[in-house]
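Taken together, the values in this text are just the output of simple stated rules run on the coordinates, not laboratory data. Model, not experiment: these values are computed from the prediction. Ideal geometry is used to build each Cβ from the backbone, glycine not excepted, and the neighbour counts take in all protein chains shown.
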Amino acid sequence: MSGPLLRLDTISKTYRDVTAVHPLDLEVGRGDFLALLGPSGCGKTTLLRMIGGFLPPTTGRVEIEGRDVTALGPEKRNTNMVFQGYGLFPHMTVAQNIGYGPKIAGRDPEQIDLDVVRMLNLVHLNAVADRLPAALSGGQQQRVALARALVMRPAILLLDEPLAALDLKLRKAMQDELKALHKAIGGTFIFVTHDQGEAIDLANRIVIMEAGRIVQQGTPEDVYRRPASRFVASFVGDANMLPARRVGAEVAIGGGRLPAPGVDGDVLVVIRPDDVTLDATCPIGLDGTLAECRFMGPYQRLTVTLADGTQVIVHRPSGADAAPLPGVGDAVRLGLPPAACSVVAP
Ligand SMILES: Nc1ncnc2c1ncn2[C@@H]1O[C@H](COP(=O)(O)OP(=O)(O)O)[C@@H](O)[C@H]1O
Ligand SMILES: [Mg+2]
């Protein structure tokens, strides 16, 4: 089938006097692993619940596979949701939890048994199939919740911060598993997170929300390399933001010029710490003094103070063959490769 798998058309949600999601449009393609990324309270859960049919939108429509499903409940659309708190049935075993949805849907019992075994294999829970949820670790409970959603073979799997409750090591392991699952079943995932690193690692497309609006979308590289606003630049990764002025669609900085369409006035030049160089031949150069140098493991984090007091953070590799670094107090010339600079409103 052509066209997007999911299409949202001027969808919005107002709770009494709070507008959690302003009218927005969004298309999600078949096979996408899409991350909805934004700080707490920006409307991610509200949007996901409208896609899943758990919450009626105030305006707009939801189309799945070209069909208007706006008025349909969760069980009547080809989506399934993994909730933040897992929501497992405490009195049912792992296998029963996974088999419950297909049973309610009236699937053939023999087929259900086969599907449950297939899911147990997929999420590596064969050994604990007969346990109750209370006897499982957090990561195992998470995998049951995933299996329970996947066994319904939804066209779209909705995941609301599914890894937020796990400790860092387990979260990393589950991220790898989610990626592998997505590949193995070839489905479409919409994944809510407030963790930019997680979004960049997992998704092939990131949609960034701020205060109920989509403020940027693109590949992880797009949103990291080409932030459209100060908010995106600071929310996705570390960013240096250098005050400058735009005159005649150009920004003059460090002896060089950046093309920057837009009205004249104050702007910020954004550059990532890993893009700043110590290359004195760079067409854009800023003179400063090395104020601090911190060993961060895989990289050194340098703080350079410019003449006007602005601080610039620079990440340099710390591997065995890394170039030697200047000493604290030394004068340094920073290079800003023009292609790595973005210009945003202040
Ligand atoms: N049932 C509700 N009634 C009133 N306000 C709500 C309700 N649910 C969410 N909100 C508000 O809507 C906004 C977005 O919430 P939510 O979608 O949960 O954001 P997120 O998932 O990004 O943290 C917040 O300001 C929140 O307080
Ligand atoms: Mg939420």
Quiz item: With θ set to phi - 60° and the Karplus curve 6.51 cos²θ - 1.76 cosθ + 1.60, what are the ³J(HN,Hα) couplings of the range 267-274 in order, to the nearest whole Hz, using x for Gly and Pro?
Solution: 9, 10, 9, 9, 9, 6, x, 7
Quiz item: Over what distance in Å are the Cα centres of the range 25-50 and the range 103-120 separated?
Solution: 30
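For Glu250 and Thr281, what does the FRET efficiency come to when R0 = 22 Å and r is the distance between their Cβ atoms, rounded to the nearest 0.05?
Approximately 0.55, to the nearest 0.05.
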Quiz prompt | Whole-Hz ³J(HN,Hα) from phi, Karplus 6.51 cos²θ - 1.76 cosθ + 1.60, for the range 104-116, glycine and proline x | solution = 4, 6, x, 6, 4, x, 5, 5, 4, 4, 5, 5, 5
Exercise. Work out, step by step, the length gained on full extension between Arg301 and Ala134: first 0.36 nm times the residue separation, then minus their alpha carbon distance; give nm to one decimal.
Key: 55.7 nm
Exercise. Sort out for me the Cα centre separation of the range 149-196 from the range 243-313, rounded to whole Å.
Key: 37
Quiz item: Is any residue of the range 196-213 close enough, with backbone N under 18 Å, to a label point placed 7 angstrom from the Cα of Thr14 along the Cα-Cβ axis, and if so, which?
Solution: 211-213
Self-check item: Formal net charge of residues neighbouring Glu177 (Cβ-Cβ distance under 11 Å; K, R +1; D, E -1)
Solution: +4
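Over all pairs of distinct alpha carbons, what does the Kirkwood formula give as the hydrodynamic radius of the chain, in Å?
22.8
Suppose every K and R has +1 on its Cβ and every D and E has -1 on its Cβ; what is the size of the dipole of the range 239-344 about the Cα centre, in Debye to the nearest 20? Write down the numbers at each step before the final one.
Working: 8 positive and 11 negative charges, 22 e Å.
So the dipole magnitude of the range 239-344 works out to roughly 100 debye.
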Quiz item: Of Gly256, Gly309, Gly212, which is the most mobile in a GNM of the chain whose springs link Cα atoms less than 10 angstrom apart?
Solution: Gly309
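If you rank Ile51, Ile104 by fewest surrounding Cβ atoms within 10 Å, what's the result? All intermediate terms of the calculation are to be shown ahead of the outcome.
Details: Ile51 25, Ile104 10.
Exposure proxy ranking, most exposed first: Ile104, Ile51.
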Self-check item: Value of [θ]222 nm, deg cm²/dmol, for the chain, DSSP H segments ≥ 4, -39500 (n - 2.57) each, nearest 500
Solution: -7000 deg cm²/dmol
Exercise. Go through the range 176-191 residue by residue and turn each phi into a ³J(HN,Hα) via Karplus (6.51, -1.76, 1.60, θ = phi - 60°); whole Hz please, and just put x for glycine and proline.
Key: 4, 5, 4, 4, 5, 4, 4, 5, 5, 9, x, x, 10, 10, 10, 10
Quiz item: Can you list the residues of the range 252-276 with backbone N under 14 Å from a point 7 Å past the Cα of Thr310, pointing along Cα to Cβ?
Solution: 252-258, 266-273, 276
Practice problem: Treating only the Cβ atoms of Lys and Arg (+1) and Asp and Glu (-1) as charged, compute the dipole magnitude of the chain about its Cα centre; round to the nearest 20 debye. | Solution: 620
Practice problem: Could you tell me which of Thr193, Leu286, Gly66 has its Cα farthest along the dipole of the chain towards the positive end, charges placed at Cβ (Lys, Arg +1; Asp, Glu -1), taken about the Cα centre? | Solution: Gly66
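I need Thr10, Thr193 ordered by Cβ neighbour count within 10 Å, fewest first. Mind showing how you got there, number by number?
Values: Thr10 12, Thr193 22.
Ranked by crowding around the Cβ, least crowded first: Thr10, Thr193.
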Quiz item: For Val192, which sequence-distant residues (separation of 5 or more, or a different chain) have an amide H within less than 5 Å of its own amide H, given hydrogens modelled in the peptide plane?
Solution: Leu36, Leu159, Asp160, Glu161
Quiz item: Average projected area of the Cα convex hull of the range 103-166, in nm²?
Solution: 4.9
Quiz prompt | Potential extension, Lys76-Gln111 segment - 0.36 nm per residue separation minus Cα distance | solution = 10.5 nm
Exercise. For Thr59 and Asp321, calculate 0.36 nm times their separation in residues minus their Cα-Cα distance, and state this gained length in nm to one decimal.
Key: 88.5 nm
Quiz prompt | Inter-probe distance in nm under a simple model that places probes 7 Å from Cα toward Cβ, at Ser234 and Ala180 | solution = 3.9
Exercise. Please name whichever of Ile104, Val128, Gly38 sits farthest to the positive end of the charge dipole of the range 1-137, dipole taken about the Cα centre and charges placed at Cβ: Lys and Arg +1, Asp and Glu -1.
Key: Gly38
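Could you please report the charge total around Thr289, scoring K, R as +1 and D, E as -1 over all other residues with beta-carbon less than 14 angstrom from its beta-carbon? List each step's numbers first, then the result.
Values: positive: Arg333; negative: Asp287, Glu292, Asp308, Asp330.
It works out to a net charge of -3.
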Quiz item: What FRET efficiency do you get for Asn121 and Leu168 if R0 is 25 Å and r is their Cβ-Cβ distance, rounded to the nearest 0.05?
Solution: 0.40
Quiz prompt | Sorted by Cβ neighbour density within 10 Å, fewest at the top, the residues His124, His182, His315 | solution = His124, His315, His182
